[in-house]
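The values are calculated or read from the model by the stated rules, or taken from the named source; none is laboratory data. Nothing here was measured: the structure is a model prediction, and the numbers come from that model. Cβ sites come from the backbone with ideal geometry, for glycine too, and all protein chains shown count toward neighbours. Side chains are part of the model used for accessible areas, which takes the heavy atoms of the whole protein and leaves out ligands, DNA and RNA. Shrake-Rupley method; radii C 1.70, N 1.55, O 1.52, S 1.80 Å.
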Amino acid sequence: MADFWRHKTLQQMTPQEWESLCDGCGKCCLVKLEDYDTAEIYHTNVACKLLDINSCRCRDYQHRQQQVDDCVRLDIENIQSIQWLPDSCSYKLIAQGKPLPDWHHLLTGSRDTVHQVAASVKQFAVSESEVKDSDIEDHIIQWVD
């Protein structure tokens, strides 16, 4: 079904449909910092070492969790509880019964649209391999969805 996301819940989707929902923004692959006293999450522009910043895709998606200890695999159980996902996240939108954004590749037919409308991290992310751990706090950003 070409527009499966309009007729299926996340629970009803096949693994292939689930994977195709990813809009390729790369925002979930940015390093987050947590204040242990308040549990507040701070987003940074520092990308996981596996993120290809140009394409906003993982360089080793199949083995990412073996290579990155804190890589979170989005699934039907945790999609509602992960507070740091951006409001534009396709999984979050579908879980909330909302439509996909107009720029989503399932609507436009192009994986480049997310970059063309500046909805991805391509324009501002830096690789964690280029940032010292002691400097990560200098990379805190505010989301603008």
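Residue pairs whose Cβ atoms lie under 7 Å apart, sitting 6 or more positions apart in sequence or on different chains, and linking a residue in the stretch 85-96 that is among the polar types (S, T, N, Q) to a partner that is surrounded by fewer than 16 Cβ atoms within 10 Å (Cβ to Cβ), are SER88/ASP145.
Quick check on GLN66: is it part of a loop (DSSP other than H, G, I, E, B) and out of contact with any Cys (no Cβ under 6 Å at 6 or more places or on another chain)?
Values: part of a loop (DSSP other than H, G, I, E, B): no; out of contact with any Cys (no Cβ under 6 Å at 6 or more places or on another chain): yes.
Spelling it out, it is not the case that GLN66 is part of a loop (DSSP other than H, G, I, E, B) and out of contact with any Cys (no Cβ under 6 Å at 6 or more places or on another chain).
Regarding TYR36, is this residue modelled with pLDDT under 95, in a strand (DSSP E or B) and surrounded by fewer than 17 Cβ atoms within 10 Å (Cβ to Cβ)? The answer is no for TYR36.
Residues in the stretch 86-117 that are more than 20 Å from LYS8 (Cα to Cα) and among the hydroxyl-bearing types (Ser, Thr, Tyr): SER110, THR113.
Could you list, in sequence order, the residues of the stretch 135-145 that are open to solvent by 90 Å² or more (accessible area, probe 1.4 Å) and assigned to a loop (DSSP other than H, G, I, E, B)?
Passing the criteria: GLN142, VAL144, ASP145.
In summary, VAL31 fulfils each of the numbered conditions (1) in contact with an Asp or Glu (Cβ under 9 Å, 6 or more places away or on another chain); (2) hydrophobic (A, V, I, L, M, F, W, C); (3) part of a helix (DSSP H, G or I) with the single exception of condition (3).
On the basis of being over 13 Å from the mean Cα position of the chain (by Cα) and either surrounded by 10 or more Cβ atoms within 10 Å (Cβ to Cβ) or of a type outside the set (Gly, Ala, Ser) (or both), does ASP75 make the cut?
Details: over 13 Å from the mean Cα position of the chain (by Cα): no; either surrounded by 10 or more Cβ atoms within 10 Å (Cβ to Cβ) or of a type outside the set (Gly, Ala, Ser) (or both): yes.
The answer is no for ASP75.
Restricted to the stretch 78-104, and to residues there that are at pLDDT below 90 and among the polar types (S, T, N, Q), the residue that is surrounded by the fewest Cβ atoms within 10 Å (Cβ to Cβ) is SER81.
Any idea how many residues of the stretch 39-49 are touching a Phe, Trp or Tyr at 6+ places or on another chain (Cβ under 8 Å) and either assigned to a loop (DSSP other than H, G, I, E, B) or exposed (fewer than 15 other Cβ atoms within 10 Å of the Cβ) (or both)? Within the stretch 39-49, residues that are touching a Phe, Trp or Tyr at 6+ places or on another chain (Cβ under 8 Å) and either assigned to a loop (DSSP other than H, G, I, E, B) or exposed (fewer than 15 other Cβ atoms within 10 Å of the Cβ) (or both) number 1.
In the condition set (1) open to solvent by 60 Å² or more (accessible area, probe 1.4 Å); (2) without any contact (Cβ under 8 Å) to a residue 12 or more places away in the chain; (3) within 16 Å of the chain's Cα centre (by Cα), LEU107 is compliant with all but (3).
Please indicate, with yes or no, whether at least one residue in the stretch 121-134 is touching a Cys at 6+ places or on another chain (Cβ under 7 Å), at pLDDT 90 or above and assigned to a loop (DSSP other than H, G, I, E, B). Yes, the stretch 121-134 has at least one match.
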